[in-house]
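The values are calculated or read from the model by the stated rules, or taken from the named source; none is laboratory data. What you are looking at is a predicted structure, and each value in this text was computed from that prediction instead of being measured. Reconstructed Cβ throughout: ideal geometry from the backbone, glycine too, with neighbour counts over all protein chains shown. Just the protein is used for accessible areas: all its heavy atoms, side chains included, with ligands, DNA and RNA removed. Shrake-Rupley method; radii C 1.70, N 1.55, O 1.52, S 1.80 Å.
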Amino acid sequence: MPGSPSSAHRSPLALPGIVLAWVLLAIAASAHFVFETAVVPSVADPALVFGGAVASALFLLLIGDRPRMSDLRALGGQRAALALGAGVLGLAVAPALVMVNRYSDAPAGTVVAFWTTAVWGLLLVAASALSARRPVRAAGALVALVGCMGILGSWERPSSFSLLGTFPAEELTFVIAGVAWAAFVIITGGLARTEGASSVYALAAAGGLAGSVAWGVPASGWDVTALVPPATAIPAVVLAGLVAALSVHLSRRGGAHLPGAALLAVPALVTTLLAVERATGTFGPRPIILDEAAWGSAVAAAGISVALLNLRRPGRTPARPVLIVAALAAAASLAVAVYSLAEPGVAVAVRGTTLAGSAFAADFTLAGLRTVGGWLALAVALLAAAAWTERPGRLTAAVALLAGIAVAAAHTTLRFTPLQTWMTWIPAEIQHDYGTEYASIIFSPVSTNLQVVGIIGACLVLGARLVWRSLSRRGVVLPSDSSAGGRDR
């Protein structure tokens, strides 16, 4: 059957094609963020939304081919309505919510990148993990997300990466948009897998076009011509269409975790561009901190590898005493990591001058919850707990251990990277002047021993998981979900 999920496994050409599509999606999503950021201040929101919907429809029709009337009739009214609704969510609602809440110079680009690429990727991977009962996959995505925090928090100093600080309502709206996007990718990809791509893609495209027009016309003051994107926006809208079509295609062929993992790679890929710019001076000096960004990229790559290589799950259960010891060790590391979130994570010193001309000084600490270090400890502890809950095979266990080692190594560099630089109780004029002669914000080390203990404990648990799996002589392989790839031995 054309949409059969097993067809991707049988074809020897399927895996290279999926890999190529995944790489193309990661690059397209990164380029889309860059080009969209460049045109947001000068192009009207309805033009970007409608242009993206048109491009998405064209790419979906190109990938799925033109449907026949018999295909549409065979789909049935309920599934047809579901495909239409999914198109409205992904191609109209999600981009409209992002555009309306993304202003010309705010929220900061680092914040937008986090919520609209990395978090959207986490949502897709988590949904895939939930349906397949694979906690290791979700934990790997969380590790990758924390790596993205390390990257984006190092794009500049003082950093503009301040989560849920200046624009919390807009940031939460980005998450809602991500839920709509994830629903579009999962529903459209799932329907296409079982019902065939041509009719489902066509209906999703039609829903997206109708939804973008229904919102765009009144939003543009009933000026239909305002829906046409200018030439400067063509790269952004074309890339938006390519991202939508490739995301659905990968979801259909291998599962929603594939496009999710590609979105988690965006901050690292965009950072690569910034590093090239800084080295060549093409666009002037960049304040990116390369060492920290490189370690964040390493953690993100490790987490993505766990999410992608969590292939098949053996069903052999370790002996009860082993399970009890492992559960206690994993719970202990997780408890320490959670407790460390409430402990001091980094010391902060603010100095500046108010508008009235008086000096301002503040010394305080941010809790581990507001630092990358605290989240690194939590993510690897959850990965260790998931590894003993799911009982992955040797390949996944080995990759998970390598991810834990990457987190441990990166922690020494990223542990004091802040996740909040905007404080509501500090005068706004001082915070706007950070990095100038009028105001400064300095972050200093504090003791983070609890984070270290949690990370080391989690790595030991992951190592024990790999040793146990390697010593096991037998394992029953259970049927996989729609994940692309082979057997995790």
Helices (runs of 4 or more DSSP H) enclosed by region 392-482 - at least 2 residues per element that are hydrophobic (A, V, I, L, M, F, W, C) and at pLDDT 95 or above: 394-414, 449-471
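Among the candidates W375, W388, single out the residue that is among the aromatic types (F, W, Y), buried (at least 21 other Cβ atoms within 10 Å of the Cβ) and within 22 Å of the chain's Cα centre (by Cα).
W375
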Any hit, region 271-294, residues being under 20 Å from L124 (Cα atoms) and either modelled with pLDDT of 95 or more or surrounded by fewer than 24 Cβ atoms within 10 Å (Cβ to Cβ) (or both): no
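Would you call S447 open to solvent by 60 Å² or more (accessible area, probe 1.4 Å), on the phi < 0 side of the Ramachandran plot and hydroxyl-bearing (S, T, Y)?
In short, yes.
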Options A331, A327, A384; residue that is under 22 Å from A139 (Cβ atoms), among the small types (G, A, S) and without any contact (Cβ under 8 Å) to a residue 60 or more places away in the chain: A331
Filter result (farther than 18 Å from L419 by Cβ and of a type in the set (A, V, I, L, M)) within region 339-360: L355, A356, A359
Filter result for T272 (free of Cβ contacts under 8 Å to residues at least 60 places away in the same chain and part of a helix (DSSP H, G or I)): yes
